[in-house]
Amino acid sequence: MALADLLTNFTLLNGTNFSTQKEELEIWLGEKELHLALREDAHVAPTAEGDTDPTLAERTSKYEGKLEKWGHSNRLAIKVVQSNITPTIRGAIPTSDNVKNYLANIEE
């Protein structure tokens with residue numbers, strides 16, 4: 001299912017169907033391999049191990065790559081979730097820049 005199809009065929013959150021909507025989102029993001037932000041927490045930047053850390057540059061490079069993939073997944077997931085919530089409910093949900101936290105806010 002393409003993103004455009006998802007946005008038009010997704011079950012709108014109406015206050016009684018959170019479980020259904022969350023399941024549909026997880027399936028779709030999993031199919032598109034964009035579920036990273038639901039599976040993992042945001043990565044933490046590496047810190048130097050001692051005064052001279054010969055591996056810091058390599059670990060930082062790996063971190064930046066992982067962070068970019070995670071950030072893409074997170075941003076898309078938030079947009080998909082937000083676009084499938086009725087406007088009345090959307091306005092009552094505290095915003096978050098993390099999809100896991102946003103879903104937790106919806107669940108409350």
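By the count of other C-beta atoms within 10 Å, a proxy for reagent exposure, Val81, Val99, Val44 are ordered fewest to most as Val44, Val81, Val99.
With only Cα atoms counted, the chain has Rg and Dmax values of 17.0, 56 Å. Exposure proxy for Leu13, Leu67: other Cβ atoms within 10 Å of each Cβ, ordered fewest to most, give Leu67, Leu13. Pairs of Lys residues in the chain are counted when their Cα atoms are under 16 angstrom apart and they lie 8 or more places apart or on different chains; the count is 8. Its Cα centre serving as origin, the chain has a Cβ charge dipole (Lys and Arg +1, Asp and Glu -1) of approximately 360 debye. Once both labels are positioned 7 Å from their Cα atoms along Cα-to-Cβ, the gap between Val44 and Ile89 label points is 3.4 nm.
Amide H contacts under 5 Å for Ile85: Leu13, restricted to partners 5 or more places along the chain or on a different chain, H placed in the peptide plane at 1.01 Å from N.
Only the coordinates and a few stated rules stand behind these numbers; no lab work does. These numbers come from a predicted model, not from an experiment. Neighbour counts are summed over all protein chains in view; Cβ atoms, including those assigned to glycine, are modelled from backbone coordinates with ideal geometry.
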